[in-house]
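Below is one structure, written out as structure tokens, with a few remarks after it.
Every read-out reported here was derived from the displayed coordinates using simple, explicitly stated rules and does not represent laboratory data. Note that this is a predicted model, so its numbers are computed, not measured. Cβ: placed from backbone, ideal geometry, glycine included. Neighbour counts: every protein chain shown.
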Amino acid sequence: MSARPDRQLHLNLFITATGHHEASWRHPGSPVENIYTAKHFQDLAQRAEAAKLDAVFFADIPALTPQVEHGPAGHLEPITTLASIAAVTERIGLIATASTTYYEPYNLARLFASLDHLSGGRAGWNIVTTASAAAAENFGSEPFPDPAQRYARAEEFLQAATRLWDSWEDDAIIADRASGRYADPAKIHRADFAGSHLSVGGAFSAPRPPQGYPVLVQAGSSNEGRAFAARWAEAIFTAHQRIEDAQAFYADIKSGAISAGRRPDDVVILPGLSPFIGSTAAEAHDLEQELNELTVPAYGLRQLSALVGVTLGEDDLDRPVPLELFAGAGDVTDNNRSRFQVVAGIVERERPTLRGLLHRLAGARGHRVLTGTPDQIADSIEEWFTRGAADGFNVMPPFHPGGFEAFVDHVVPILQQRGLFRTEYEGRTLRENLGLERPANQYAGTLAGSLAEAIA
């Protein structure tokens, strides 16, 4: 697939506390002392909005990772954090990760509906299913190791959540002071969802969100994840090192959407990109090397083990990574295996030492790290965009604030000059800016399950 001439890039800022490089907190300009303040995240979001980026995005896992000794592994709850950002921004989208395994549909639907109302229609939900044993402990439950079981619950979760968001028809509120009628009960419906994993009864406690639903985002590249994405996802975050792999994924997802009765443009595909930017290529490589030299091997080894389940020791740092450790990359049956394949590809193509592999993963945990001048970064973005590998990118600055400032100050203007990226927002909602339609209300025009029936 090649790009249409009228397409525009989509760019998100993937926010982490100090940046995506694991040693970013040790950088001299790091804001590490302020990473639990609203102002830190508000400043980044305002900078992203000034550059006309589509959205800011927060990942999340409801557990403390063991890497906290060597890096700021603690993180704030993302929906609350985004509410603080909504108060100081006007147009930029607000995407939060939340798990269908450790929420219930009613309370999560309320959180996202509230964020969408309070922001004027800018909320997005990155849907994850969470197989973490540490997260399971925090909720007093057994982990869900089987992807099929997790995605079966997620499927029901989305059915229930969309029924809740559709509970109020768009014209349910009358607000007629003269007659004393605030709302029409015939246009407010019970969810009445009963599945094998979840059930939800009552009508929703708030009117339909401005966007109808928050933009539904998905980050799984597993077989189960791709099938789920074909039915539900409106944006997909993914990780690829090579353009040919990204093109294959792009074509597969777009074809899956068509098979599910959707249009290819109904799904926006956004690979991760972590750029090291310098005025010369040598300066950019020096910057990357500077951060790599600040890494702590013990941290990187734990990350490698968590990422792909391969355990090696510090005695192995300057030895080539054994190819046989990655011989079982095979078919992608879950999201951990998909990232395993990415790392296996690096090992097979580059034959790095363990230290070299840790440095390759330190910047973005298997997402693409691109090092060069602003023009070189822009050239690569344009190539992937115009050659059917991406609709845009999830930008993962290696360090804050300088790494992000370099991108918006020097790369974004080049993309705008080339006519690839907006100079003004298309609309006020995240859906409008992503070119996504507002979903129709599934209850519109029906009396079934309405409050009017219950009153009668």
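Remarks
- Tail fraction, Cα-Cα pairs, the range 1-144, threshold 18 Å, whole percent: 62 percent
- The phi torsions of the range 389-394, fed into the Karplus equation with coefficients 6.51, -1.76 and 1.60 and a -60° offset, translate into couplings of 10, 6, 9, x, 9, 8 Hz, rounded to whole numbers, with Gly and Pro shown as x.
- Between GLY403, PRO413, THR386, the Cα set farthest toward the positive side of the dipole of the range 303-447 (charges on each charged residue's Cβ, about the Cα centre) is that of THR386.
- Neighbourhood charge, 14 Å Cβ-Cβ cut-off, centred on GLY445 and excluding it, Lys, Arg +1 and Asp, Glu -1: -4
- Contact order normalised by residue count of the chain, Cα under 8 Å, 6+ apart, percent: 24 percent
- Taking the range 379-456 and dividing mean pair separation by its residue count, relative contact order in percent (alpha carbons under 8 Å, at least six apart): 12 percent
- In this structure the amide hydrogen of LEU370, modeled in the peptide plane, comes within under 5 Å of the amide hydrogens of SER274, PHE276, none closer than 5 places in sequence on its chain.
- Distance from the alpha carbon centroid of the range 208-233 to that of the range 172-198 works out to 26 angstrom.
- Each part reduced to its alpha carbon centroid, the range 262-319 and the range 75-152 end up 25 Å apart.
- Computed P(r) (all Cα pairs; the range 351-398; 10 Å bins; percent): 23, 45, 28, 4
- For the chain, the longest principal axis of the Cα atoms and the long axis of helix 147-165 meet at an angle of about 40 degrees.
- Ellipsoid semi-axes for the range 195-290, based on the Cα gyration tensor and the rule √(5λ), read 36, 19, 13 Å when sorted largest first.
- Calculated log₁₀ intensity ratio I(q)/I(0) where the Debye formula runs over C-alpha points of the range 3-42, q = 0.25, 0.31, 0.33 Å⁻¹: -0.87, -1.12, -1.16
- Each Lys and Arg adds +1 at its Cβ and each Asp and Glu adds -1 at its Cβ; summed about the Cα centre, the range 1-115 shows a dipole of about 340 debye.
- One way to sum up the overall shape of the range 384-456 is the equivalent ellipsoid from its Cα gyration tensor, whose semi-axes run 43, 16, 12 Å, largest first.
- Sorting TRP168, TRP232 by the number of Cβ atoms found within 10 Å of their own Cβ, with the fewest placed first, yields TRP232, TRP168.
- Counting all C-alpha pairs of the chain, share separated by more than 29 Å (%): 48 percent
- Least to most buried among GLU224, GLU283 (fewest other Cβ within 10 Å first): GLU283, GLU224
- Converting the Cα gyration tensor eigenvalues of the range 135-248 into ellipsoid dimensions via √(5λ) gives semi-axes, longest first, of 36, 20, 11 Å.
- Charge dipole (debye, nearest 20) of the chain; +1 at Cβ of Lys and Arg, -1 at Cβ of Asp and Glu: 780 debye
- Counting Cα-Cα pairs of the range 1-80 in 10 Å increments starting at 0 gives whole-percent bin shares of 15, 43, 27, 11, 5.
- Local electrostatic count, PRO62, Cβ distance below 11 Å [Lys/Arg +1, Asp/Glu -1]: -3
- Per-residue Cβ neighbour counts within 10 Å put THR373, THR80, THR18 in the sequence THR80, THR373, THR18, beginning with the fewest.
- Charge dipole (Cα centre; +1 on Lys/Arg Cβ, -1 on Asp/Glu Cβ; no other charges) of the range 217-316 amounts to roughly 800 debye.
- Of all DSSP bridge pairs formed entirely within the chain, close to 20 percent run antiparallel.
- Shape call, the range 70-136: gyration tensor on alpha carbons, a/c limit 1.5: oblate
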